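Rule-based calculations on the coordinates, nothing more; no lab input. If you're wondering where the values come from, they're calculated on a predicted model, not measured in any experiment. Here the Cβ is made from the backbone with ideal geometry for all residues, glycine too, and neighbour counts use every protein chain on show.
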Amino acid sequence: MSDDCLFCAMVGGQVQADVVHETDTTLAFRDINPQAPTHVLVIPKVHQPNFAALAQHEPGVAVDLVNAVAAVAAQEGLGENYRLVFNTGPDAHQTVFHVHGHVLGGRPMGWPPG
Ligand code: AMP
Ligand code: ZN
């Protein structure tokens, strides 16, 4: 738990989230500003700023996070057609510094990303 972290507040129940999937170590909820028909954020319950830090300090939870992504994709009917994005650092448009995977799907996607 980190003070002043929006996603820690969601894990703690102080801020409401539209939860679609939960495990002992992960939480998944709909993005408030969806960029695709399905746009779900998958986070570890433990606070780490980015995916590399999570893998270094909590490697088991990093695996849990990837498994949660697959479960969300299946539950949302995306099959194996989705984009998983970890914006990392301000230059990559990370705005919440609690690691989160964006699961995006339900429409064709272009490349490169903006
Ligand atoms: P990022 O820019 O990669 O750090 O992504 C942060 C994401 O959190 C954005 O897509 C926001 O729309 C989303 N977000 C911010 N506040 C909330 C909230 N209260 N509930 C759900 N998603 C949120
Ligand atoms: Zn946090």
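Just so you know, in region 28-46 the residues that are within 21 Å of GLY106 (Cβ to Cβ) and free of Cβ contacts under 8 Å to residues at least 40 places away in the same chain include one that is surrounded by the most Cβ atoms within 10 Å (Cβ to Cβ), and it is PHE29. Taking the conditions exactly as written (in a loop (DSSP other than H, G, I, E, B) and either surrounded by 18 or more Cβ atoms within 10 Å (Cβ to Cβ) or within 16 Å of ligand 1 (Cβ to nearest atom) (or both)), does ALA9 satisfy them or not? No. Taking (1) within 16 Å of ligand 2 (Cβ to nearest atom); (2) in contact with a strand residue (DSSP E or B) (Cβ under 7 Å, 6 or more places away or on another chain); (3) not aliphatic (A, V, I, L, M) in turn, GLN14 satisfies each apart from (2).
Looking at region 82-96, which of its residues are surrounded by 12 or more Cβ atoms within 10 Å (Cβ to Cβ) and either touching a helix residue (DSSP H, G or I) at 6+ places or on another chain (Cβ under 9 Å) or aliphatic (A, V, I, L, M) (or both)?
First, the residues of region 82-96 that are surrounded by 12 or more Cβ atoms within 10 Å (Cβ to Cβ): 82-88, 94, 96.
Across region 82-96, the qualifying residues are TYR82, LEU84, VAL85, PHE86, THR88, VAL96.
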